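Asks: One structure coming up, written as structure tokens, with questions to follow.
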Amino acid sequence: ILSPNETETEALTGIRCDTDDNVRRAALRLAEIADTRHIVIKLGNRGALTYSGGEFVHHDTFDVEVVDTTAAGDAFTAGLSVRYLETGDLTEAVRYGNAAGSLAVTRFGAQPSLPDREETERFLIGR
């Protein structure tokens, strides 16, 4: 899985992720230049876009009160990685990553804002 954020995606592809079409173009370009099965572009409060098996899927994030976005991408990537390794299901992994990132933005700071597994799983119940 290659999972850059919007800024990293632009640096790697030269394509600004300012529109849905550009995000898809950037994902295709990443797939051309990287030896990976899955592309997951982190789009901040716009969620994430996956490109896998020739298919694009947009994944919405969760609606939370944002306090500090410092560790959101790190929380997302950690959640994505853990859940993908556990399940092999990219959609489930992105959902879990989105939950972890959403929880992280509800608190100040980097390290203190990172949710643990129990908190992330409680957050997902009923959503």
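Asks: Output the residue which, of all residues in region 38-84 that are at pLDDT 95 or above and among the polar types (S, T, N, Q), is farthest from E10 (Cα to Cα).
Replies: S81
Asks: Restricting the search to region 15-35, which residues are β-branched (V, I, T), in a loop (DSSP other than H, G, I, E, B) and either surrounded by 14 or more Cβ atoms within 10 Å (Cβ to Cβ) or in contact (Cβ under 8 Å) with a residue 60 or more places away in the chain (or both)?
Replies: Across region 15-35, the qualifying residue is only I15.
Asks: Please enumerate the residues belonging to region 93-127 that are open to solvent by 50 Å² or more (accessible area, probe 1.4 Å), under 17 Å from S3 (Cβ atoms) and either assigned to a helix (DSSP H, G or I) or of a type in the set (V, I, T) (or both).
Replies: Answer for region 93-127, where residues must be open to solvent by 50 Å² or more (accessible area, probe 1.4 Å), under 17 Å from S3 (Cβ atoms) and either assigned to a helix (DSSP H, G or I) or of a type in the set (V, I, T) (or both): just R95.
Asks: Quick check on my filter: what residues within region 75-92 are small (G, A, S) and surrounded by fewer than 19 Cβ atoms within 10 Å (Cβ to Cβ)?
Replies: Across region 75-92, the qualifying residues are S81, G88.
Asks: Next question. Name the pairs: first residue in region 106-127 and closer than 15 Å to V64 by Cα, second residue open to solvent by less than 50 Å² (accessible area, probe 1.4 Å) and of a type in the set (S, T, N, Q), Cβ to Cβ under 7 Å, at least 6 apart or on different chains?
Replies: R107/S113
Asks: Here is a further query. Is there a residue in region 39-59 that is touching a residue at least 40 places away in the same chain (Cβ under 8 Å), of a type outside the set (K, R), open to solvent by 50 Å² or more (accessible area, probe 1.4 Å) and within 20 Å of R127 (Cβ to Cβ)?
Replies: no
The values are calculated or read from the model by the stated rules, or taken from the named source; none is laboratory data. Here the structure is a predicted model, which means the values were calculated and not measured. When we count neighbours, we look across all protein chains shown, and the Cβ atoms used for this are built from the backbone with ideal geometry, even at glycine. When the accessible area is computed, the model is the full protein with side chains, heavy atoms only, and any ligands, DNA or RNA have been set aside. Shrake-Rupley method; radii C 1.70, N 1.55, O 1.52, S 1.80 Å.
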